[in-house]
Structure formats: C-alpha cells, structure tokens
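Enquirer: My questions all concern the structure below.
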Amino acid sequence: MSSTLEPTTTTGSAHDSGRGRRIAHWDPEDEEFWRNGGKRVATRNLVFSVLAEHIGFCVWSLWSVMVLFMGPEYGLSAADKFLLVSVPTLTGAALRVPYSLAVSWFGGRNWTVISALLLLIPTALAAVVMRPGTSLGTFVLVAAVAGVGGGNFASSMTNINAFFPQRHKGWALGVNAGGGNVGVAVMQVLGLAVLGTAGASHPRLMLWVLCAAIVVAAVCAALFMDNLPGTRNDTDALRAAVKDVHCWLLCLLYLGTFGSFIGYGFAFGLVLQHQFGRTPLQAAGLTFLGPLLGSLTRPVGGWLADRFGGARVTCAVFASLTIATAVAVWASHVHSLPLFTAAFITLLGLAGAGNGSTYKLIPVVFRDRAAREPGGGDAGPDPVRARRLVGAVIGVTGAAGALGGVGINLAFRFSFAEWASGVPAFIGFLLFYVVCLAVTRTVYVRGGPPGGP
C-alpha cells in the first residue's frame, strides 16, 4: 500500500507515515511543513540514498583497486592499468545524464532500488575474468560495465535535491555526495585488508563482500525511501538547462573539483607504484587517505558555501588547488615521498570541499532561471519547475565532472608512457586550475550569479 505525506492543516504541517512509497504533496520551503514531518522524511531518504550511492562508488572505484592485484603475471604495463582505471570513469560520466532523468521516469525510490541491483552485474563479471591470461580487451569491457556505479551519483543527487529546502541544500547535497564519495576510500581499505591478509591472489574476497552490500542497499531503499510528486517530463528542463551558459560554466568548475577527486582517487595507487616504486601493499596503505579526506571535506564545503556563498568558497578552493599542485610538482622533482603524499592527499581534500561548494551554486544560479521560464513570474520561481531545472543541471554537471576524472587518468597514462613521470600531467592540471580560478572570480564572485553568490 502506498504511503503519503500530506499537509494536515492549511499552515502546511505534515505527518510521516513511516515506510515510503509515494508522497502526495511536498513543499519543503514551507517552514511549518518542514518542521511538522518534512524534515524527518527528507532525512530518512537522505540516509538510505547515501547508503546506495556509497555502494555505487565502491563499484565505480573497483578497478582502481583491482589493478593493485595485477602483478607481472597479468602482463599489463603501467599505461594498460591507467587505461583500466579510466574506462569506468568514462562510462560513468556517460550514464550520469540518463540516470538523473531516470528519477523523473521511475521515481526516486524505485530508481534507487533498480540502480542498486544493477551493480551486481559488474561485480559478478569482475569475479569471472579476474585471472592471469585474460586479455586486456576483456578487462577493458568488464571495467566499462563498472561505470554503472558512477551513474548512481547523478540520480541520487537529483533525488535528494528535491527533498530539501534552499537553505539546507548545500549541507544535504554535501552529506549525500560525501557519503557516496567515501565509497572510494572504503573500497581501497577493503583492498588493503585483502592484500594484507589473503594476499594478491584472492581479489574475489572483495567481490563477495560487495555483492552482499549491494543487496542490503537495494532492500533498504525499497523499504524506507519515497517517490516525490512533480518530477515528470524533465527532458524539457534538460533542453532549457543546456541552452544556458551558466550550465557550461558550472560544468567547467565541477570538472576541476569532482574531476580532481575521482581522477586522483583512482590514480593515487598507480602513481605511487610507478613514480616512487611502492609495492601494491605499500601503495594500498596510503591510497585510501586522500579519498577519505575528500569525502569528509565535501559536506564541509557545502556547509561553508551555505554560510559564506558557494562562489567565494569555490574560488578559495581553486587557489589552494593551484598551490598544492605546485607542491606536488616540486616533491616529484626532489623525489620526496612524504611531501608528495601530503600534497596529493591535500589535493583530494581540497577537491572534496570544492565539490560541495560548486554544487551549492547550482540551485542558487538556476532558481533565477526557473523564474524566467514558463511557470515562473513576479511571485518567484515555480518550485516544481525549479526542482526539474536543477535536477537536469545536476545530471549535466555530474557527467562533466566525471569526464574530468577520465582526463586526469589519461593524462597520467600519457605522461608515464612518454616521460616515465607524472610531472608533465601535474603541470597541465595546475594550468587548468588557474583557468577555473579566473572563471569563478570573474563570473561568480565579482559579477555574481543570478540569485546571488
């Protein structure tokens, strides 16, 4: 039987009927509605969205750990391994737009269940092919399927954005994304545990644990999440979003923040192995620290953006990323592993904070756009229209950010293949951060986005 959350008085109070299916009315901007049940329902959906997205990130980052189990007997070069890490990032980026639209087609709860169960496919395939003698082409195809874990992020963020009022979006989206992002670190810790106990010949132990977690996430989503009203026909919102220059400017900024997080997170272990001669176990002992810090700083970045403005915080992040990248270049030049490790972990922490602050900008900028679209007007933006528009932009920017991760790993692949060093790649990243800093300062700090910074 469907459950509903409906106003019980004209002032907008609400009741939470527990296990969720479909909500009949949702107005989180109404403070009375929010206090009398809305906040409780939104928080419940946030908790189980985080769980499902977390497992999605575990699957998406699976091959960044699998490559650490691939010793000389697999016959793969450093360039081959960077390719395997890049492929799921690319397919995850491609899936983010349709995944964000799937929330409107199926409902947030329903799609969370479906997308969680889809994670069983790449996990099972990895268990089948993970053995010496498997061709590089086969590994690439199976790694590509793991991209479904990257798509989960866009649908989860689109869904949770609709549950929370404007004043809490930065925090809520930061918690949702940060809880998902930490899946990268958890996957690497799981890999470290298997490497340190069972050894490099038993990667399937990780996969069985992952399969069990996937089932738990799907069941919890089915039991405890809700579908919201007013989330149909979002393709028109997507068309409106991509015509706005701010959509593409925000894509650029998210390319620099989330692209850095996911790209560095996936590449960290390989860079330590091939630039500093670390063993797989030594590399695994360090690689989880960066993604863990970046996941924890994402909600902090969202909170700071709620308080000081997403534009100002994002600007500070890009300035800091530029400095930390310069330190990584210098550490590579003098071959200082401690300094390089500190710089790399700092890069991931800063990227995490930038993820939260950049996402805070999206609803601010496109709240004004919704007022200028059909359904808006002098009374302000239509909340349903605004929700659809922001959801569409989240899908586009999420895809762009994931492409940044592809770019980082391909840049490392080329850099190590040509110069046996990651320094040329880092120099390119530094120049890109300077461009992002200039755009953020010029357009969103000095000029100010529609609706305020």
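The values are calculated or read from the model by the stated rules, or taken from the named source; none is laboratory data. Worth saying up front: this structure is predicted, and the values here are computed from it rather than measured. Neighbour counts run over all protein chains shown; Cβ positions are idealised from the backbone, glycine included. Please note that ligands, DNA and RNA were not included when accessible areas were found on the heavy atoms of the full protein model with its side chains. Shrake-Rupley method; radii C 1.70, N 1.55, O 1.52, S 1.80 Å.
Enquirer: Taking region 96-112 as the region of interest, how many residues are closer than 11 Å to Asn152 by Cα and surrounded by fewer than 20 Cβ atoms within 10 Å (Cβ to Cβ)?
Expert: The total comes to 1.
Enquirer: Only one residue in Ala93, Ala79, Ala52 is open to solvent by less than 50 Å² (accessible area, probe 1.4 Å), of a type in the set (A, V, I, L, M), part of a helix (DSSP H, G or I) and farther than 23 Å from Ala116 by Cα, so which one is that?
Expert: Every option except Ala79 fails the conditions.
Enquirer: State all residues of region 139-150 that are modelled with pLDDT of 95 or more and part of a loop (DSSP other than H, G, I, E, B); if no residue qualifies, say none.
Expert: Across region 139-150, the qualifying residue is only Ala146.
Enquirer: Within 18 Å of the chain's Cα centre (by Cα) and open to solvent by less than 10 Å² (accessible area, probe 1.4 Å), is that true of Gly269?
Expert: no
Enquirer: Could you please give the count of residues in region 204-244 that are at pLDDT 90 or above and not in a helix (DSSP H, G or I)?
Expert: 3
Enquirer: Go through region 272-296 and give me each residue that's open to solvent by less than 30 Å² (accessible area, probe 1.4 Å) and either in contact with a Cys (Cβ under 9 Å, 6 or more places away or on another chain) or of a type in the set (Phe, Trp, Tyr) (or both).
Expert: The answer is Phe276, and nothing else.
Residues are listed down the side, and each one gets a yes or a no for (1) closer than 28 Å to Val216 by Cβ; (2) within 13 Å of the chain's Cα centre (by Cα); (3) modelled with pLDDT under 90:
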position	(1), (2), (3)
Ser61	yes, yes, no
Leu68	yes, no, yes
Gly71	no, no, yes
Tyr74	no, no, no
Ala78	no, no, yes
Leu84	yes, no, no
Gly92	yes, yes, no
Arg96	yes, yes, yes
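Enquirer: Determine which single condition Leu136 fails, assuming it passes every other condition in (1) at pLDDT below 90; (2) closer than 23 Å to Gly263 by Cα; (3) open to solvent by 50 Å² or more (accessible area, probe 1.4 Å).
Expert: (1)
Enquirer: What pairs can you find where one residue is in region 245-262 and in a helix (DSSP H, G or I) and open to solvent by 10 Å² or more (accessible area, probe 1.4 Å), the other is at pLDDT below 90 and charged (D, E, K, R), and their Cβ atoms are less than 9 Å apart, with a gap of 6+ or different chains?
Expert: Correct list of pairs: His246/Arg369.
Enquirer: While we're here: Restricting attention to region 67-76, which residues are open to solvent by less than 30 Å² (accessible area, probe 1.4 Å) and of a type in the set (D, E, K, R)?
Expert: Within region 67-76, none qualify.
Enquirer: On to the next question. Just to be sure before I move on: is Arg22 under 25 Å from Ser100 (Cβ atoms), of a type outside the set (Val, Ile, Thr), open to solvent by 50 Å² or more (accessible area, probe 1.4 Å) and at pLDDT below 95 in the structure I sent?
Expert: yes
Enquirer: Right, something else. So which residues in region 325-358 are open to solvent by 10 Å² or more (accessible area, probe 1.4 Å), of a type outside the set (Val, Ile, Thr) and free of Cβ contacts under 8 Å to residues at least 40 places away in the same chain?
Expert: Trp330, Ser336, Pro338, Leu339, Ala342
Enquirer: So which of Thr397, Thr440 ends up being modelled with pLDDT of 90 or more, open to solvent by less than 20 Å² (accessible area, probe 1.4 Å) and within 16 Å of Leu361 (Cα to Cα)?
Expert: Thr440
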